[in-house]
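*Asks:* One structure follows; several queries about it will come next.
The values are calculated or read from the model by the stated rules, or taken from the named source; none is laboratory data. Since we're looking at a predicted model, the values are computed, not measured. Every residue, glycine as well, gets a Cβ built from its backbone with ideal geometry; the counts of neighbours run over all protein chains shown.
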Amino acid sequence: MEGFAQLFEESLKKSPIREGEIISGKVIRVLKDYVMVDIGFKSEGKVPIQEFLDFEGKVAANIGDSVDVFLENFENEHGEIVLSKEHADVMKTWDKLVEAAEKDSPIDGKVICKVKGGFSVDIGVKAFLPASQVDIKPPKNLDKYVGKVYTFKIVKLNKARGNVVLSRKMLLEKERESLKAETLANLQEGQIVMGVIKGITDYGAFVDVGGIDGLLHVADMSWGHITHPSEIMAVGDEIRVKVLKFDKEAQRISLGMKQLADDPWNQVESKFAVGSRIRGKVTTLTDYGAFVEIEEGVEGLVHVSEMSWTKKIKHPSKIMTVGDVIDSVILDIDAQNRRISLGLKQIEANPWETMSDRYPIGTKIKGIIRNIADFGIFVDVNGEVDGLVHIGDLAWVQNYAHPSEAFTKGQEVEAMVLHIDPENEKFSLGVKQLLDDPWDVINEKYAVGTKAEGTVAKKIAGGVIVQLEPGVEGLVPSADAKELEAGAKVNVVVKQAEQKERKFILSCEKSSLE
């Protein structure tokens, strides 16, 4: 045995293979826990199977494969040759990294995971990529970089400490400067180029066209109406644009997207006719009307005054919403100023043209009170029009300061048609005309100071209404009628009777209040 050991030691001295070196071998067996590698020595060495696993956890070793390994030990306590593929890979990687750092050559790597302050990157060894160096602009979402392969620049390398710091941003900036120089040399007005949306504002979008940011104004995005650029584009989108203006010295570029297509307004007068009916989509609502797209890039305005023959539309949102598809009639075309006037009410027949025939003067009608104003009440007549009962036509004797004291919204009232003015769209009604004028009786029988007996008809804000006889009612002010209830008999004295002012004021005799 001693002779064999001596021969073995002598053979080691003669062998070109040395411990601590990288040597080439061949895979001869793949076992469960080890891969056996022949390095041309008296026995094969073994490498842990884990060192042959790829990123997916699969064994990347086949019999006959050539493989570089690091000779850890000729003989361990079990008499085995100890090899390491991983150690050899690391040593070779470091040599490549040192060479790349010296020559300022880029390297490829895969972002493995996020770590504090940045990312861990596999470039054969673990390297650190600061978050500030992953892109030109600070990213909002770091997760999107994980799992992807990029090209990096080595900015710091310390082999002794096993420390490598990378930058992707520096390569992107260098590439951008190269593209920018090429763009500045070749870009011309009128040229059509591809660009990438870098940012969006209320007034437009900034587009990277070969390393230079150009402005695509919202007015140059579409021939149609756009409220905000985000309606049609997003950051990161690749778009086709036309160079409208290019100031090479200031490096300013104005871009257009709508200029890639013909101006649809050039064909408006030949495609559309005044008086024709058209269908379109509501795109915008304003206080004064609604914009309707009748074809791509062409919009018309339906003014609020053209929305209804009979109703006063305060805001278009009362009858339509953005996105609605509506029919309208073309009222006017001004292609030079890019304006089309549309009418919604013209779809229906004008009810004012037949109003006089349908509601002759003196006709009695019923309707619902839609609104109450200082000067009278508006009554909805069969859902068609609102007739106005002026305050002077509400009652022969006005026992209230405001119509709301005697009438309420939603109340049904009967009235008489007094006047119709189709040209000015006015429909006048009267309520008092349904009753006999009591002033002839008042003037004859109820002079100031006259005493009479009456019945409390109802209470109002200003006091109580007392009926002296059918059709003749007067007001007892609140201060003089605190205890009076509806239906009560009361003795009154006429205090004021003015036909012109329509005032018939009474006061209670003290005896009636006792």
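*Asks:* Can you tell me how many residues within region 471-511 are at pLDDT below 85, over 16 Å from Glu453 (Cβ atoms) and among the polar types (S, T, N, Q)?
*Replies:* So the answer is 2.
*Asks:* Please tell me if Ala415 is in a loop (DSSP other than H, G, I, E, B), under 28 Å from Val466 (Cβ atoms) and in contact (Cβ under 8 Å) with a residue 40 or more places away in the chain.
*Replies:* no
For every residue, the table says whether it meets (1) surrounded by fewer than 16 Cβ atoms within 10 Å (Cβ to Cβ); (2) closer than 30 Å to Gly280 by Cβ.
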{"residue": "Glu189", "(1), (2)": "yes, no"}
{"residue": "Thr201", "(1), (2)": "yes, yes"}
{"residue": "Asp208", "(1), (2)": "no, no"}
{"residue": "Ala234", "(1), (2)": "yes, yes"}
{"residue": "Arg240", "(1), (2)": "yes, yes"}
{"residue": "Leu255", "(1), (2)": "no, yes"}
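*Asks:* Quick check on this structure: which one of Pro138, Pro130 is outside the structural domain of Asp89 (by TED's automatic domain parsing), at pLDDT below 90 and within 25 Å of Gly236 (Cβ to Cβ)?
*Replies:* Pro138
*Asks:* Do you know which of the residues in region 375-414 that are among the aliphatic types (A, V, I, L, M) and at pLDDT 90 or above is surrounded by the fewest Cβ atoms within 10 Å (Cβ to Cβ)?
*Replies:* Val413
*Asks:* Oh, and also: Quick one: which strands (runs of 3 or more DSSP E) sit completely within region 79-186 and have at least 2 residues that are polar (S, T, N, Q) and in contact (Cβ under 8 Å) with a residue 24 or more places away in the chain?
*Replies:* Here the list reads 163-167.
*Asks:* Okay, next question. May I ask you to say which residue of Ser84, Ser24, Ser66 is at pLDDT 75 or above, hydroxyl-bearing (Ser, Thr, Tyr) and in contact with a Phe, Trp or Tyr (Cβ under 7 Å, 6 or more places away or on another chain)? Spell out how you get there, then give the answer.
*Replies:* Values: Ser24 fails: in contact with a Phe, Trp or Tyr (Cβ under 7 Å, 6 or more places away or on another chain); Ser66 fails: in contact with a Phe, Trp or Tyr (Cβ under 7 Å, 6 or more places away or on another chain).
After ruling out the rest, the residue left standing is Ser84.
*Asks:* A further question on this structure: Within region 358-374, take every residue that is free of Cβ contacts under 8 Å to residues at least 40 places away in the same chain and touching a strand residue (DSSP E or B) at 6+ places or on another chain (Cβ under 6 Å) and give me the one that is surrounded by the most Cβ atoms within 10 Å (Cβ to Cβ).
*Replies:* Arg370
*Asks:* Further question on the same structure: Here is a list: Ile340, Ile377, Ile330. Which entry is over 30 Å from Ala273 (Cα atoms) and in contact (Cβ under 8 Å) with a residue 12 or more places away in the chain?
*Replies:* That would be Ile377, the only listed residue that is over 30 Å from Ala273 (Cα atoms) and in contact (Cβ under 8 Å) with a residue 12 or more places away in the chain.
The rows are residues; the columns are (1) among the acidic types (Asp, Glu); (2) surrounded by fewer than 18 Cβ atoms within 10 Å (Cβ to Cβ); (3) modelled with pLDDT under 90; (4) within 19 Å of the chain's Cα centre (by Cα).
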site	(1), (2), (3), (4)
Leu216	no, no, no, no
Asp220	yes, no, no, no
Ser276	no, yes, no, no
Lys281	no, yes, no, yes
Asp287	yes, yes, no, no
Ile294	no, no, no, no
Glu306	yes, no, no, no
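*Asks:* Kindly provide the set of residues from region 187-225 that are farther than 15 Å from Ser254 by Cβ, part of a strand (DSSP E or B) and either touching a residue at least 60 places away in the same chain (Cβ under 8 Å) or among the charged types (D, E, K, R) (or both), ordered by number.
*Replies:* Result: Lys198, single match.
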